[in-house]
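The values are calculated or read from the model by the stated rules, or taken from the named source; none is laboratory data. The shown structure was predicted, so the numbers you read here are calculated from the model rather than taken from an experiment. All Cβ positions, glycine included, derive from the backbone under ideal geometry; neighbour counts span all protein chains shown. Accessible surface is based on the protein model in full, side chains and every heavy atom, while ligands, DNA and RNA are left aside. Shrake-Rupley method; radii C 1.70, N 1.55, O 1.52, S 1.80 Å.
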Amino acid sequence: MLQETSLDLTDFNALIGRDLPQPEQFRYEVAADAIRQFAYSVPDGNGLYLDAEYAAMTRWGGIIAPPGYLYAHGSPAWLGSLPGIRDPQGRELTNADNATESWEFFKPVRPGDIVTSYGVLEKATPKRSRKLGDCVLVSEGMRFTNQRGELVAKLTSMSFRFHGGDAAEGGKVASVYPPMPDGQWTRNVATRPMLPGTYEVPSRRYDETLYFEDLAVGDAIAPLTLGPLMADDMAKFNAATNGGGYDRIGRMGHIPDAFAPGVLRIGWFGTMLTRWAGPDAWVEDITQRNEEWVLVGFKVTCGGRVSGKSVVDGRPVVEAEIWCDSELGFRTNSGTARIEMASREIPARSR
């Protein structure tokens with residue numbers, strides 16, 4: 001439950017609407033190895049991302065990057081670190097948590113492309129939250145262009161800016177999880193260091209094509225189960241997207257244990273959708289809302305169903321409701337997706 005509150009946004013509002021180049025990106029040039037590393041981090045063994053000979057036989061004529069890969073080229077997280085929001089006590093609100101994301105994908109990203117990102121703060125609304133206390137709901141936009149100046153993707157996200165001490169004192173964040181036994185710091189299970197060649201990678205996956213004509217509203221999308229998630233899973237994602245590791249092992253501030261960042265859901269949903277739709281489909285957009293934290297030590301299952309189908313501008317398109325549920329019985333994420341499907345009757349158009 002959010003209510004209006006009074007916060008000082010004078011300095012922050014001066015940044016609203018300005019086109020802000022992303023600070024130095026982790027990646028600019030797209031490489032096959034970078035795509036492979038990201039796919040392994042999700043994890044996704046789709047041959048479309050990993051096998052050049054197989055990918056050459058698909059609609060795309062070669063390897064393309066999966067949904068979520070562009071986090072390696074830019075993220076609104078840096079917008080969430082911009083200063084200028086203070087509470088009535090003059091304290092800077094330095095904590096930022098992701099709330100929603102909406103990706104639109106326009107063109108494939110391929111090895112050899114140069115992708116540059118830009119960000120913009122679109123709106124900042126002061127709120128009062130039962131879980132976070134005084135906070136600000138910030139709307140952020142990102143756009144991604146290739147070396148030809150073509151728009152390849154857009155991201156619209158919303159995040160909360162708040163004071164972590166107030167949220168920790170309230171004790172309501174992730175309260176749906178059972179408390180840990182006295183003296184236990186985390187449910188994370190440590191993994192031994194592994195050198196190249198000593199760790200397992202996802203098995204290659206060669207999906208069958210699902211055709212637009214064979215689908216009906218209400219059809220289920222084959223679910224994707226992950227976990228029990230551990231900090232090592234988040235470390236792989238961080239390594240693939242920002243070159244870092246994962247240092248949030250155990251309780252930290254207002255969060256009772258290590259957790260999977262909300263941005264990981266785009267990769268999870270992308271894996272589920274492409275595995276279901278096949279190699280010649282194109283995920284046009286994914287929108288998702290973070291409803292609850294995903295803490296380490298538990299499984300999650302992504303699922304979905306077809307909610308609509310139509311031909312839009314000559315493209316056979318399916319709409320879907322998507323979600324992610326904890327094994328504990330509550331929903332962690334919900335959203336929608338739109339997928340251009342392969343068709344027996346409608347020729348595929350170039351992107």
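List of remarks:
- Taking only the alpha carbons of segment 127-173, we obtain Rg and Dmax values of 16.5, 50 Å in that order.
- Solvent-accessible area, 1.4 Å probe, carbon plus sulfur percent, for segment 53-196: 55
- Dipole magnitude for segment 174-216: about 420 debye, using +1 per Lys or Arg Cβ and -1 per Asp or Glu Cβ, origin at the Cα centre.
- Ranking by accessible area, most exposed first, for Ile63, Ile249 with a 1.4 Å probe: Ile249, Ile63
- Fluctuation leader among Thr156, Thr198, Thr116 - the chain, Gaussian network, Cα springs under 10 angstrom: Thr198
- Residues in segment 313-322 carry Karplus couplings, in order, of 6, x, 10, x, 10, 10, 9, 9, 8, 10 Hz; the curve used is 6.51 cos²θ - 1.76 cosθ + 1.60 with θ = phi - 60°, and Gly or Pro positions show x.
- Among Arg110, Arg275, Arg251: highest mean-square fluctuation, GNM of the chain, C-alpha pairs under 10 Å: Arg251
- For segment 26-70, the relative contact order works out to 32 percent when only alpha carbon pairs closer than 8 Å and six or more residues apart are counted.
- For segment 112-118, the Karplus equation 6.51 cos²θ - 1.76 cosθ + 1.60, evaluated at θ = phi - 60°, returns couplings of x, 5, 10, 10, 10, 10, 9 Hz by residue, with Gly and Pro reported as x.
- The base-10 log of I(q)/I(0) for segment 227-351, evaluated at q = 0.11, 0.16, 0.19 Å⁻¹, reads -0.46, -0.82, -1.03 [Debye formula, identical scatterers on Cα atoms, solvent excluded].
- Span from the segment 245-285 Cα centroid across to the segment 199-220 one, whole angstrom: 18
- Label assignment, Cα extents along the principal axes in Å derived from the structure, set [x] 63, 46, 42; [y] 61, 42, 36; [z] 70, 39, 37: [x]
- Label zone (Arg91, point 7 Å along Cα-to-C-beta; backbone nitrogen cut-off 16 Å) within segment 168-184: 168-173.
- Extension gain (nm, one decimal) between Ala52 and Arg36, 0.36 nm per residue minus Cα-Cα: 4.6 nm
- Charge tally in the Cβ shell below 11 Å around Val152, where Lys, Arg are +1 and Asp, Glu are -1, Val152 excluded: +3
- Helix-derived mean residue ellipticity, 222 nm - over the chain, DSSP H n ≥ 4, -39500 (n - 2.57), to 500: -4500 deg cm²/dmol
- Partners of Lys154 within straight-line reach, counting lysines whose Cα lies under 19 Å from its Cα and excluding those fewer than 8 residues away in the same chain: Lys107, Lys123.
- Shown in residue order for segment 325-335 are the 3J(HN,Hα) couplings computed by the Karplus curve 6.51 cos²θ - 1.76 cosθ + 1.60 at θ = phi - 60°: 10, 7, 5, 7, x, 10, 8, 9, 8, 9, x Hz (x for Gly and Pro).
- For segment 223-351, the fraction of 1.4 Å probe accessible surface lying on carbon and sulfur atoms is 47 percent.
- For segment 85-172, applying the loop criterion from DSSP together with a ceiling of 11 other beta carbons within 10 Å to the trypsin sites (Lys or Arg not before Pro) yields Arg130, Arg148.
- The ellipsoid equivalent to the alpha-carbon distribution of segment 1-139 has semi-axes of 39, 16, 12 angstrom, derived from the gyration tensor eigenvalues as √(5λ) and listed largest first.
- Comparing Ala216, Ala65, Ala153 in a Gaussian network model of the chain, where Cα atoms under 10 Å apart are tied by springs, the biggest mean-square fluctuation is seen for Ala216.
- With contacts taken as Cα pairs under 8 Å and at least 6 residues apart, the chain reaches a relative contact order of 19 percent.
- Here the contact order of segment 265-351, divided by its residue count and restricted to Cα pairs under 8 Å and six or more residues apart, works out to 32 percent.
- Point-to-point label distance, Val311-Trp185, nm (Cα→Cβ direction, 7 Å offset): 6.2
- When both segment 287-351 and segment 89-148 are represented by their alpha-carbon centers, they are found 21 Å apart.
- Think of a 1.4 Å ball rolled over the protein heavy atoms: the chain then has 45 Å² of accessible area per residue.
- Segment 192-236: GluC sites (Glu not before Pro) in DSSP coil with no more than 10 other Cβ atoms inside 10 Å: Glu200, Glu208
- Globularity ratio of segment 84-156, using Cα Rg and 2.2 N^0.38 Å: 1.48
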